[in-house]
Amino acid sequence: MDSETSPSQIDAIVELSVSGHSLQIEMSVPAEPARPIKFLPLFQSVTDGVVGIATGEAEKEGLTVSCSKGCGACCRQLVPISVTEARRLHQLIQEMPEPRKSEIRRRFAAGRERLECTGLLEELKEPERISKGEARTLGLKYFYLGIACPFLEDESCSIHTDRPIACREYLVTSPAENCSKPTAETVRCVNLPGKVSGAVRSLDTGPSRHPAFWVPLLLAPDWAEMHPDNTPPRPGIEIVRELFGRLSGKNLSEQGS
């Protein structure tokens, strides 16, 4: 049961069961209809909670997450993000002061040019057409181009608080040095009980859009400029219920705060 604490916000406590693991989240959502971009901080918080459960389980098995500041091999991967996150990254860049804004834009442009020179750009313009089998091959091709994420600085994420959900979900327990030459045998990812990234992408799925639609991080600013957010606002509680429903199936209960 939700309790309204102000005319513009509704506070709630949500108990989420993901693959048998319980996660309790306190949150505030807009009382008025809004678009998913307003909920990104909440989506990120849910992701951190799910990742926390997963790393706890890994530790019980005697494993240790080897990811740390300064280890940026994974920041050269093809990162799939939701439509909502693409628009937020575009906003984030727009809000940056000069000369940082121009420098970040330059990095994105350089990465896009590299993709165009290697022929991968056209494939990545329509990611919804890429099958799961093709995605792995394409991902390896992208990785070995060595294109660093435009936000990577000194081998660390310069937008760590705002980093994409897919980045939050990617953790390994194998030696960090293995990530520079990843294979299924040498890189062990932390097993997540649920993928928030997929649930968030599903919120952007319209009646005519492929359910697996995503945007490559490197193309996000350009994509966002060409696709203004014209989706109709929805009640905040409705968006939250849909996200948690997709993430946990029927194992969802709410309590008043």
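Given the structure, is ALA166 surrounded by fewer than 14 Cβ atoms within 10 Å (Cβ to Cβ), out of contact with any Gly (no Cβ under 8 Å at 6 or more places or on another chain) and aliphatic (A, V, I, L, M)? Even if it seems obvious, please write down each step before you answer.
Working: surrounded by fewer than 14 Cβ atoms within 10 Å (Cβ to Cβ): no; out of contact with any Gly (no Cβ under 8 Å at 6 or more places or on another chain): yes; aliphatic (A, V, I, L, M): yes.
Against the criterion (surrounded by fewer than 14 Cβ atoms within 10 Å (Cβ to Cβ), out of contact with any Gly (no Cβ under 8 Å at 6 or more places or on another chain) and aliphatic (A, V, I, L, M)), ALA166 does not qualify.
Name the single residue, out of those in the range 12-41 being at pLDDT 80 or above and in a loop (DSSP other than H, G, I, E, B), that is nearest to VAL83 (Cα to Cα). Across the range 12-41, the extreme among qualifying residues is ARG35. Against the conditions (1) part of a helix (DSSP H, G or I); (2) in contact with an Asp or Glu (Cβ under 7 Å, 6 or more places away or on another chain); (3) over 21 Å from ARG234 (Cβ atoms), ARG87 satisfies every one except (3).
hydroxyl-bearing (Ser, Thr, Tyr) and either touching a strand residue (DSSP E or B) at 6+ places or on another chain (Cβ under 8 Å) or in contact (Cβ under 8 Å) with a residue 12 or more places away in the chain (or both) - does that describe any residue in the range 98-115? No: the range 98-115 contains no residue that is hydroxyl-bearing (Ser, Thr, Tyr) and either touching a strand residue (DSSP E or B) at 6+ places or on another chain (Cβ under 8 Å) or in contact (Cβ under 8 Å) with a residue 12 or more places away in the chain (or both). Among residues of the range 173-191 that are within 23 Å of HIS21 (Cβ to Cβ), those with a Cβ under 6 angstrom from a residue that is of a type in the set (Ser, Thr, Tyr) and part of a loop (DSSP other than H, G, I, E, B), sequence gap 6+ or separate chain, pair up as ARG188/THR173; ARG188/SER174. Is the range 119-126 home to any residue that is in a loop (DSSP other than H, G, I, E, B), in contact with a Lys or Arg (Cβ under 9 Å, 6 or more places away or on another chain) and within 30 Å of SER22 (Cα to Cα)? No, every residue in the range 119-126 fails to be in a loop (DSSP other than H, G, I, E, B), in contact with a Lys or Arg (Cβ under 9 Å, 6 or more places away or on another chain) and within 30 Å of SER22 (Cα to Cα). Scanning the range 159-206 for residues that are of a type outside the set (D, E, K, R), within 16 Å of the chain's Cα centre (by Cα), farther than 24 Å from GLY56 by Cβ and part of a loop (DSSP other than H, G, I, E, B) turns up ILE159, THR205. Considering every residue within the range 55-71, establish whether at least one is of a type outside the set (Lys, Arg), free of Cβ contacts under 8 Å to residues at least 60 places away in the same chain and outside any loop (DSSP other than H, G, I, E, B). There is at least one residue in the range 55-71 that is of a type outside the set (Lys, Arg), free of Cβ contacts under 8 Å to residues at least 60 places away in the same chain and outside any loop (DSSP other than H, G, I, E, B).
The values are calculated or read from the model by the stated rules, or taken from the named source; none is laboratory data. The shown structure was predicted, so the numbers you read here are calculated from the model rather than taken from an experiment. Every residue, glycine among them, receives a Cβ derived from its backbone with ideal geometry; neighbour counts consider all protein chains shown.
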